[in-house]
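Right, one structure below, let's go through it.
Each reported figure results from applying straightforward, stated rules to the coordinates on display, with no laboratory input. What you see is a predicted model, and the numbers here were worked out from it, not measured in a lab. For neighbour counting, all protein chains shown are included, and Cβ atoms are generated from backbone atoms with ideal geometry for every residue, glycine included.
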Amino acid sequence: MSADNADGKVTTIEIETLDLPIAFKMKDDPPKGVSVVVPPIVRMRESYGGEDLIRITLTVAKDVGVGIVSAWLYDKFKSGRSPTIRINRREIEVENDKIARIIDECITESDRKGPEE
């Protein structure tokens, strides 16, 4: 599904996780206005003790609410094996309010920067 909207404004959010099954399932049912890219696995031996890390890129249309995105992410990761995820390089616990706060910051930061080139 595409994250394009009428004015073309989007926010790109990067998520890092060790929960590979969850990451691969995220492409199946993103909310309307959110697109998901799951690239190949990246090996992060030094930082993660040799475990496989996956980076997921979300593209979120401007008109998609923070609550929709954060609730969807929380629902995906709440039953995962890892109690934390990274969103735009910030490690947070998998809790709905913490995810919402970071997503809101990402969108606000993106709005301040203006349209991506």
Points 7 angstrom from Cα along the Cβ direction at ARG101 and VAL37: gap in nanometres? 3.0 nm
Check GLY65: other-chain or 5+ apart residues with amide H under 5 Å from its amide H, H built from backbone geometry? none
Could you run the Karplus curve 6.51 cos²θ - 1.76 cosθ + 1.60 with θ = phi - 60° over the stretch 67-80 and give me ³J(HN,Hα) per residue in whole Hz, x for Gly and Pro? x, 5, 5, 5, 5, 5, 5, 4, 4, 5, 9, 4, 9, x
Working out 0.36 nm times the residue gap between LYS27 and ASP111, then minus their Cα-Cα distance, what length gain in nm do you get to one decimal? 27.7 nm
Sorted by chain and then number, the residues having a modelled amide H within less than 5 Å of the amide H of LYS9, at least 5 places away or on another chain, are LYS62
